[in-house]
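Have a look at the structure below, then the notes.
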2 protein chains.
Amino acid sequence: MLIQIDPAAETPLFAQIAGQIRRSIVEQRVGHGERLPPAKELASSLDVNMHTVLRAYDVLRAEGLLEVRRGRGVVVSSVGPGRAKLIELAHALVAEAARQGLSRRELVKLLEDV
Amino acid sequence: MLIQIDPAAETPLFAQIAGQIRRSIVEQRVGHGERLPPAKELASSLDVNMHTVLRAYDVLRAEGLLEVRRGRGVVVSSVGPGRAKLIELAHALVAEAARQGLSRRELVKLLEDV
DNA sequence: ACCTATTTGTCCGTATGTATG
DNA sequence: CCATACATACGGACAAATAGG
């Protein structure tokens, strides 16, 4: 899966991992149905705790991008890269809004105006 | 806040806590802007780990029901009990679907048909 | 401006449970 | 039965934001 993280970065480790996997789905470097490495394995390769990887998986599961089931592992959902793209854009928008100091309310209003 | 949990129940502790707080918002037993007890405090009163309470808070934050900020604590969001009601119904629907063995796809289709 | 206490945020390690194959 | 792999929960540690003195 080729994931690289920066322990010194400001963004949390689980967010970095989730973001890179999301990116991989958008770019279709991983296709629907494809299986991701077990949390324990990915964790050891990244030199982080298994919980950190599980949390990243959980974020992507909540977004509908991954199907996570115990005993079976983690596979890319069939919703396709289109949704991943949307979510990625949403993340970027929220991050930029935060950088510019927009409140949640202001962002919502901005979106409604658009 | 009057929360009671059952450690022997099948539903996870964090879900029990989140569910009861959600219910309290629906019934307007807690109003918007009202502050919830610190995680550490609620945890000790429920005899669970602080992380478990924080996870419950995080669930409700993701649902837009709570505003959680470090240093300041947790307050009920101003979105009102209407949204809480919707989310509660959604939870009930998903739980019932799971009991009846419906897949995610079947549930979505059922919703679309309705 | 400084210090301290409070409170959440993240991460780690460990233990146990449960579904899958 | 057994190995795999995620799910939950606990405990501890440190960081960062906030509030108050």
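Coordinate-derived values only; no laboratory data. Here the structure is a predicted model, which means the values were calculated and not measured. All Cβ positions, glycine included, derive from the backbone under ideal geometry; neighbour counts span all protein chains shown.
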Quiz prompt | chain B - charge dipole about Cα centre, Lys and Arg +1 at Cβ, Asp and Glu -1, debye rounded to 20 | solution = 400
Quiz item: Counting Lys and Arg as +1 and Asp and Glu as -1, what is the net charge of the other residues whose Cβ lies under 12 Å from the Cβ of B:Val74?
Solution: +2
Exercise. Inverting the mean 1/r over all pairs of different Cα atoms, compute the Kirkwood radius of region A:5-55 and quote it in Å.
Key: 11.5
Quiz item: Copy-to-copy spacing for A:Leu89, label 7 Å out on the Cα-to-C-beta vector, in nm, shortest first?
Solution: 3.0
Quiz item: Quick one: which of B:67-74, B:16-23 comes out on top by average Cβ neighbours within 10 Å, and what's the full order, highest first?
Solution: B:16-23, B:67-74
Self-check item: Column: log10 I(q)/I(0), Debye, Cα scatterers of the protein assembly as shown, q = 0.08, 0.12, 0.18 Å⁻¹
Solution: -0.35, -0.84, -1.59
Exercise. Whole Å is fine, so just give me how far the alpha carbon centre of region B:24-62 lies from that of region A:68-114.
Key: 25
Self-check item: Span-like helix ranges in chain A, DSSP H, alpha carbon extent 30 angstrom or more, Kyte mean at least 0.5
Solution: none
Exercise. State, to one decimal in nm², a quarter of the convex hull surface area for the C-alpha atoms of chain B, i.e. the direction-averaged projected area.
Key: 7.8
Self-check item: Formal net charge of residues neighbouring B:Val26 (Cβ-Cβ distance under 15 Å; K, R +1; D, E -1)
Solution: +1
Quiz prompt | Dipole magnitude (debye, nearest 20) for the protein assembly as shown, charges at Cβ of Lys, Arg, Asp, Glu | solution = 40
Practice problem: Divide by every residue of chain B the summed helix terms, -39500 (n - 2.57) for each DSSP H run of at least 4, and state the resulting mean residue ellipticity at 222 nm, rounded to the nearest 500 deg cm²/dmol. | Solution: -17500 deg cm²/dmol
Quiz item: What is the calculated FRET efficiency for B:Leu89 to B:Ala9, with r their C-beta to C-beta distance and R₀ = 25 Å, to the nearest 0.05?
Solution: 0.75
Self-check item: Closest Cβ on chain A to the rotation axis that carries it onto B (distance rounded to whole Å)
Solution: A:Ala62, 4
Quiz item: With contacts defined as alpha carbon pairs under 8 Å and 6 or more residues apart, what's the relative contact order of chain B in percent?
Solution: 25
Quiz prompt | Net charge of Cβ neighbours under 13 Å - reference A:His51; Lys, Arg +1; Asp, Glu -1 | solution = +2
Quiz item: At A:Gly73, label 7 Å along Cα→Cβ: distances to the other copies, nm, ascending?
Solution: 4.8
